[in-house]
Amino acid sequence: MSNTVSLDPAAAQAAIEPSIVQTMISFIQDGGFFMYPILIVLAIGLGIVLERVIYLQITKSRNKKIWDQIFPMIAKGQFRQAMESVKDSPAGIGRVIAYGLERSRISRRHDDIELAMEEGLMEVLPRLETRTSYISTLANIATLLGLLGTIIGLIQAFTAVANADPAEKADLLSASISVAMNTTAFGLIAAIPLLLSFSFITSMTGKLVDSMEMASVKFLNAFRQVVAQQEQRGNDGQ
């Protein structure tokens, strides 16, 4: 009978995966009750992360599309056409520009238009930041649940050891402490990616806000230039 080793990578991967899955299941089961609340917190946190990343990416794409569409109109002084394009736009930059264009109808003062656009930005900003703070909160909750589970596990371990046979106390205590520490480890496993995701989403939000502020500055500069050209043509015609 010959002993042969399979060189098929797919077969080797299939042999490894069940052991990894089984190890994860055993790790969670051995950790006790608090492993499941941590798992729920991790699932909720990852769901919020996914929703926020998708929303911010869509907002970024919409902002770029609407800005590329209306800026040439603004540069040419076609404010009415630009207003028609942004008044029903779901894009954040569309709302900011719409506030500026609406104010420009009743006031040509640049300070008034700038204040109106800042008001529009303050209206858009909460939509960008909504639920983001929950991610860091859930990361902290996962860590605290892990510590709480470990403390309760240690209390139970020492209580059980107190009534055990002296010859078995060392082995029983080491095994109980090993199991109790699973909750702390899992709490950190859940918290670390959530904190990294929180930093990433905060950075994405900051870049979006910066891009809208930059667009506001470009709008004001283009508006000033167009108004100056119109006034110059009016003076030349007199």
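Given the C-alpha centroids of the stretch 88-116 and the stretch 147-165, what is the distance between them in whole angstrom?
64
In sequence order, what are the phi-derived ³J(HN,Hα) couplings for the stretch 182-196 according to the Karplus relation 6.51 cos²θ - 1.76 cosθ + 1.60 with θ = phi - 60°, rounded to whole Hz, with x for glycine and proline?
Residue by residue, the stretch 182-196 yields 4, 5, 4, 4, 5, x, 6, 4, 6, 6, 4, x, 5, 5, 5 Hz.
I need the calculated FRET efficiency for the pair Thr130 and Arg105, taking r as the beta carbon distance and R₀ as 35 Å, to the nearest 0.05. Don't jump to the answer; show the numbers that get you there.
Details: r = 31 Å, r/R0 = 0.88.
The value I calculate is 0.70.
On full extension of the chain, what length is gained from Ile192 through Ala228, given 0.36 nm per residue of separation minus the C-alpha to C-alpha distance? Show your work: numbers first, answer last.
Details: separation 36, 0.36 × 36 = 12.96 nm, distance 5.42 nm.
Stretched fully, the Ile192-Ala228 segment lengthens by 7.5 nm.
Nearest 0.05, what FRET efficiency do Leu154 and Leu46 give at R0 = 35 Å with Cβ-Cβ as r? Could the numbers behind the result be given before it?
Numbers: r = 29 Å, r/R0 = 0.83.
According to the calculation, E is roughly 0.75.
Reachable lysines from Lys218, Cα under 30 Å, same-chain residues fewer than 8 places away excluded?
Lys60, Lys64, Lys65, Lys76, Lys87, Lys207
Under 20 Å from a label point 7 Å along Cα→Cβ of Leu172: give me every residue in the stretch 142-162 with its amide N that close.
Label zone hits: 151-162.
Evaluate the distance, in nm, between pseudo-label points positioned 7 Å from the Cα of Ala162 and of Gln22 along their respective Cα→Cβ axes.
Output for this residue pair reads 3.8 nm.
Could you work out the equivalent-ellipsoid semi-axes for the stretch 45-227, taking the square root of 5 times each eigenvalue of the Cα gyration tensor, largest first, in whole Å?
Details: eigenvalues 683, 31, 20 Å².
After scaling each eigenvalue by five and taking roots: 58, 12, 10 Å.
Starting from 0.36 nm per residue, how many nanometres of slack lie between Val217 and Lys76 once their C-alpha separation is accounted for?
Working: separation 141, 0.36 × 141 = 50.76 nm, distance 1.66 nm.
Here the segment from Val217 to Lys76 would lengthen by 49.1 nm.
Excluding Met83 itself, what net charge comes from residues whose Cβ is under 9 Å from its Cβ, given Lys and Arg +1 and Asp and Glu -1?
Details: positive: Arg80, Lys87, Arg105; negative: Glu84, Glu102.
Taking every Cβ under 9 Å from that of Met83, the sum is +1.
Each reported figure results from applying straightforward, stated rules to the coordinates on display, with no laboratory input. Source: prediction; values computed, not measured. Virtual Cβ from ideal backbone geometry, glycine too; neighbours counted across all protein chains shown.
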